[in-house]
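Colleague: Let me begin by handing over the structure; questions about it come next.
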Amino acid sequence: HQFVLHFQPQIRLDTLQVLGYEALVRWEHPEFGLLYPDRFIGMAECSGFIVELGWEVLRLACEALASWQAQGRDTRLAVNVSALQLRQADFSERLLENLAQHAIDARHLEREITETTVLDPEGTALEHLHRLRAAGIGISLDDFGRGYAGFAHLQALPLSELKIDRALV
């Protein structure tokens, strides 16, 4: 229970309206204090712990969404998903079960993926993304343009949002 979420608002610039939030994981380490992802995500990916961390982040995100819905707030929450997590055979089923368990409408959740995630040679990631999109979950491609995938890849993806990396601009 040392991982916590911080919520970064996603704002429409022309109206300054908050469209939703992005969940950002932090580690409240008992000895080192608040750690940002650059201090632990790489280690989590190398060790495979990123899969369990991803499920913990989803659980925390579902709790936040359920709380917001109980308060009458109709908003969406974007949550990152790792390539390793997306390669799990039961990924989409388990994610949808989490939403149902917390009585969350799928349209309130958005999964953020990176270009490396969609270049999965086994194809399981793409299958999961199509299942999630069909269920109403938004799919956002984060940091597009870092050099892994080209514009041709975009047609095959069930995206609801494209976040262009500043390097491409």
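Colleague: Provide the net charge surrounding Gly150, with neighbours chosen by a C-beta distance below 15 Å and charges set as Lys +1, Arg +1, Asp -1, Glu -1. Each step should come with its number before you reach the end.
Modeller: Values: positive: Arg146; negative: Glu115, Asp143, Asp165.
Result for the local shell: -2.
Colleague: Consider the candidate values (i) 11.0; (ii) 9.7; (iii) 18.6; state which one is mean projected area of the Cα convex hull in nm² computed from the structure displayed.
Modeller: So the structure-derived entry is (i).
Colleague: Considering only the other residues whose Cβ falls under 15 Å of the Cβ of Ala167, what net charge follows from Lys and Arg at +1 and Asp and Glu at -1?
Modeller: Numbers: positive: Arg146, Lys163, Arg166; negative: Glu115, Asp142, Asp143, Asp165.
Result for the neighbourhood of Ala167: -1.
Colleague: Along Cα→Cβ, 7 Å out, is where each label goes; now give me the distance between the ones at Arg73 and Thr15 in nm to one decimal.
Modeller: 1.9 nm
Colleague: Also, quick follow-up: Would you look at the GNM of the chain, springs on alpha carbons closer than 10 Å, and say which of His153, His128, His102 moves the most?
Modeller: His153
Colleague: Looking only at Phe49, Phe32, Phe91, which one moves most when the chain is put into a Gaussian network model with springs between Cα atoms under 10 Å?
Modeller: In the Gaussian network model the winner is Phe32.
Colleague: Also, quick follow-up: Got a number for the accessible area of Asp143? Probe 1.4 Å, square angstrom, nearest 10.
Modeller: 40 Å²
Colleague: Now, a different point. Taking only the alpha-carbon atoms of the stretch 25-89, what semi-axes of the equivalent ellipsoid follow from 5 times the gyration tensor eigenvalues under a square root, in whole Å, largest first? Display every interim value, and only then the final one.
Modeller: Details: eigenvalues 117, 60, 15 Å².
Equivalent ellipsoid of the stretch 25-89: 24, 17, 9 Å, largest first.
Colleague: Might you work out the accessible area of Val57 for me, using a 1.4 Å probe with all protein chains in place, and round it to the nearest 10 Å²?
Modeller: 20 Å²
Colleague: Suppose R0 equals 22 Å. What FRET efficiency, 1/(1 + (r/R0)^6) with r the Cβ-Cβ distance, do Leu168 and Gln8 give to the nearest 0.05?
Modeller: According to the calculation, E is roughly 0.55.
Colleague: On average, how much accessible surface per residue is there in the stretch 1-145, in Å², for a 1.4 Å probe, leaving out ligands, DNA and RNA?
Modeller: 51 Å²
Colleague: Here's something else I'd like to know. Hey, if we sort Ile41, Ile11 by accessible area with the 1.4 Å probe, largest down, what's the order?
Modeller: Values: Ile41 45, Ile11 80 Å².
Output order, biggest surface exposure first: Ile11, Ile41.
Colleague: Okay, next question. Evaluate the distance, in nm, between pseudo-label points positioned 7 Å from the Cα of Leu34 and of Gln155 along their respective Cα→Cβ axes.
Modeller: Modelled inter-label distance: 4.6 nm.
Colleague: Would you kindly find the accessible area of Trp55, with a 1.4 Å probe and non-protein molecules such as ligands, DNA and RNA excluded, rounding to the nearest 10 Å²?
Modeller: Near enough 20 Å² of accessible area.
The values are calculated or read from the model by the stated rules, or taken from the named source; none is laboratory data. Being a predicted model, the structure only gives us computed values, none of them experimental. Positions of Cβ are backbone-derived with ideal geometry, glycine not excepted, and every protein chain shown enters the neighbour counts. Surface areas here come from the heavy atoms of the whole protein model, side chains and all, with no ligands, DNA or RNA. Shrake-Rupley method; radii C 1.70, N 1.55, O 1.52, S 1.80 Å.
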